[in-house]
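Take a look at the structure set out below.
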Amino acid sequence: MLMPKEEQMGKCKVFLAAIVVVLFNSMAHGELVSFVTDEVSSWSPSGAVISLGLPSVRPTDVTIQAESHSTFTITSTVTNETSVTWIGYEVTLDPTEAATFVPGWAGSTRFLTVNQIDDWTIRFLAPNDVPPGELVTLQFKIDIPDDGPYTFSLTQHPIPEPATVALLGLGGLALVMARKHD
C-alpha cells in the first residue's frame, strides 16, 4: 500500500530533523583537552580531579584547556596544612575568560551552604569547619561556550576563621607598635 505524498513528505521531514539534531548535538559537545596544575591531579574527557595540600593560606591557580562547547566536573580535595581553621572555601574563575560555573551544581563534604556569588565565583560555607590536618572535597561543574578551544584559570582559596585572622592582625599591630617605641 502506498502512502499519500503529504504523509511521505512529513515522515521525511521528521527523519531529516532528527539527523540534524543528532549531528548538531555531537558537534556542540566538546571535551576537556588538557589539565595543568602544580598539584597532584588527573583528568578525563568528562572531568578532572585535583588533590591539594595548602601549606599556607594562599590561592592556588589551575589552568584548564577545553575545546568546543563543554560542561565538565571538577572535584577538588584540599588538605588544610595550615595552623588556621577554615570556615569556608571560595573557588573563582577568571571573569575575563568565557568559562562559567554551572548554576545550582556544586557541593562539598563539609560545607553544605553553597552560594554562587556570580557566574565566576562559588563560596562554600557552614556547617562544619576544616581544622588543621583535615581535608575537604569540593565538586562543581564548569561550562565553556560554543566555540573554542579555551584556556581559563581557576583560583581556589580557603576562608580562615575570623578569630584567627583577628589575632594575627592584632599580633602584627603589636609588632608595629613595639617597633615604633624602640
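The values are calculated or read from the model by the stated rules, or taken from the named source; none is laboratory data. Please read all numbers here as calculations on a predicted model, not as lab measurements. Here Cβ is always computed from backbone atoms with ideal geometry, including for glycine, and neighbour counts include all displayed protein chains.
As a summary of the residue check, Gly133 satisfies the conditions (1) in a strand (DSSP E or B); (2) modelled with pLDDT of 90 or more; (3) in contact with an Asp or Glu (Cβ under 9 Å, 6 or more places away or on another chain); (4) not aliphatic (A, V, I, L, M) except for the one numbered (1). Is region 14-32 home to any residue that is at pLDDT 65 or above and part of a strand (DSSP E or B)? For region 14-32, residues at pLDDT 65 or above and part of a strand (DSSP E or B): present.
Residues in region 81-94: is at least one aromatic (Phe, Trp, Tyr) and at pLDDT 80 or above? Yes, region 81-94 contains at least one residue that is aromatic (Phe, Trp, Tyr) and at pLDDT 80 or above.
Would you mind stating whether Trp120 is of a type in the set (Phe, Trp, Tyr), at pLDDT 95 or above and within 14 Å of the chain's Cα centre (by Cα)? Yes; evaluated as a whole, the condition is true for this residue.
When Thr109, Thr113, Thr121, Thr79 are screened for being without any contact (Cβ under 8 Å) to a residue 60 or more places away in the chain, surrounded by fewer than 15 Cβ atoms within 10 Å (Cβ to Cβ) and over 19 Å from Gly47 (Cβ atoms), only Thr113 passes. The number of residues in region 68-111 that are over 26 Å from Pro131 (Cα atoms) and among the acidic types (Asp, Glu) comes to 2.
Yes or no, residue by residue, for (1) surrounded by fewer than 17 Cβ atoms within 10 Å (Cβ to Cβ); (2) out of contact with any Lys or Arg (no Cβ under 7 Å at 6 or more places or on another chain); (3) part of a strand (DSSP E or B); (4) among the small types (Gly, Ala, Ser):
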position	(1), (2), (3), (4)
Ala66	no, yes, yes, yes
Glu90	no, no, yes, no
Pro103	yes, yes, yes, no
Ile117	yes, no, yes, no
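Contact map, region 83-106: residues that are free of Cβ contacts under 8 Å to residues at least 40 places away in the same chain paired with residues that are buried (at least 16 other Cβ atoms within 10 Å of the Cβ) and part of a loop (DSSP other than H, G, I, E, B), Cβ distance under 7 Å, separation 6+ or inter-chain. Pairs shown: Pro95/Trp120. Whether any residue in region 152-160 is exposed (fewer than 15 other Cβ atoms within 10 Å of the Cβ) and either farther than 21 Å from Thr60 by Cα or at pLDDT 85 or above (or both) is what I want to check. No, region 152-160 has no match at all.
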